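Worksheet: one structure, shown below.
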């Protein structure tokens, strides 16, 4: 599965979650400097109180489509989580960077000079 196919599947899945309000792709894509080696950087805004449930649903989905070989946890709090996922059977660049935050949390990682035009 290439980057665009993986991204398409992930977006389709996240859009199916009723608690998800917004999905934005940041990183290289937001700066229009991405290629097949770029990771997938996602910021997800979800309803308050649903972060843990949403991450669990996402991880179950990732295990279904490819399997998760490694998770690097940056932050794991009640109102936001930030994790990197390496998928099984994919090249070393197939990494998903997920930042998920509650609607009421003002920390959205929207700084354009860092995250691009989300």
Restricting the search to region 10-19, which residues are touching a residue at least 24 places away in the same chain (Cβ under 8 Å) and under 12 Å from the mean Cα position of the chain (by Cα)?
10, 13, 14
Under 9 Å between Cβ atoms, which residue pairs at least 6 apart in sequence (or on different chains) link something in region 83-110 that is on the phi > 0 side of the Ramachandran plot and part of a loop (DSSP other than H, G, I, E, B) with a partner that is at pLDDT below 90 and buried (at least 20 other Cβ atoms within 10 Å of the Cβ)?
109/26
For residue 63, the lone unmet condition from (1) modelled with pLDDT of 95 or more; (2) surrounded by 15 or more Cβ atoms within 10 Å (Cβ to Cβ); (3) outside any strand (DSSP E or B) is (2)
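The values are calculated or read from the model by the stated rules, or taken from the named source; none is laboratory data. Given the structure is predicted, the values throughout are model-derived calculations rather than measurements. Cβ: placed from backbone, ideal geometry, glycine included. Neighbour counts: every protein chain shown.
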